[in-house]
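This report concerns only the one structure given below.
Rule-based calculations on the coordinates, nothing more; no lab input. Source: prediction; values computed, not measured. Positions of Cβ are backbone-derived with ideal geometry, glycine not excepted, and every protein chain shown enters the neighbour counts.
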Amino acid sequence: MKDNIDCADLQRNLDNVVLWAQKWQMEFNVKKCKVMHIGRQNDGCEYYMGGSKLVEETLEKDLGVWVLADMKCSQQCRYAVNKSNKVLGMIKRTITYKDLKIMLNLYKTLVRPHVEYCVSAWSPHNKKE
């Protein structure tokens, strides 16, 4: 019963936001709007904006961080590792004079930011990550 009430409340809020946006001539591009159902007890209600059903996603990239519906960060870890490895490969191919100080500065400047980007948001919680 509570879930149906919550779904109806959220749909009503979406309708109010759409009406507000239309009033102020700032309409949403509904094709780009999506919904993600998070949590084990989530019923997965269908939501609509402007008469169109919102697409349901299980994986979404927001501000450079991959978010999964199960809230695990394995996709973000995989993305960060792949990006870092590409940059390391570029450094290895292009830098001929591999002095320790230069390599350390290159690592701190070019690689480390990819590994640590938004780590507070997705902080790995599994040993494998």
(message) Over 30 Å between Cα atoms: which of 32/108; 32/72; 32/83 fall into that group?
(response) 32/108
(message) For the chain, what does the relative contact order come out to in percent, with C-alpha contacts under 8 Å and a separation of six or more?
(response) 19
(message) Just to be sure I understand: of the beta bridges DSSP finds with both ends in the chain, what percent are antiparallel, rounded to 5?
(response) 65
(message) Taking 30 Å as R0, compute the FRET efficiency from the Cβ-Cβ separation of residue 93 and residue 69 and round it to 0.05.
(response) 0.20
(message) Give the aspartates and glutamates reachable from residue 31 as a straight Cα distance under 17 Å; neighbours fewer than 8 places away on the same chain don't count.
(response) 15, 46, 56, 57, 60, 62
(message) Please list, in order along the range 4-13, the HN-Hα scalar couplings obtained from phi with the Karplus expression 6.51 cos²θ - 1.76 cosθ + 1.60 (θ = phi - 60°), rounded to whole Hz, x for Gly and Pro.
(response) 5, 5, 4, 4, 5, 4, 5, 5, 4, 5
(request) With a cut-off of at most 12 other beta carbons within 10 Å, and DSSP calling the residue loop, which chymotrypsin sites (Phe, Trp or Tyr not before Pro) in the range 1-96 qualify? Please list them. (result) 24
(request) Taking H placed 1.01 Å from N in the peptide plane, check which residues at least 5 places from residue 49 or on another chain put their amide H under 5 Å from its amide H. (result) 54
(request) Tabulate in residue order the Karplus-calculated ³J(HN,Hα) for the range 43-57, using 6.51 cos²θ - 1.76 cosθ + 1.60 with θ = phi - 60°, rounded to whole Hz; enter x for Gly and Pro. (result) 6, x, 5, 8, 10, 10, 10, x, x, 9, 6, 6, 6, 8, 10
(message) If I model a spin label as a point 7 Å beyond the Cα along the Cα-Cβ vector, how far apart are those points for residue 116 and residue 85 in nm?
(response) 2.3
(request) Starting at the first residue of the range 67-77, write each ³J(HN,Hα) from the Karplus equation 6.51 cos²θ - 1.76 cosθ + 1.60 with θ = phi - 60°, in whole Hz, x for Gly and Pro. (result) 10, 9, 4, 8, 6, 8, 9, 4, 5, 5, 4
(message) If you take every residue apart from residue 56 with its C-beta less than 15 Å away from the C-beta of residue 56, what net charge results, scoring Lys and Arg +1 and Asp and Glu -1?
(response) -1
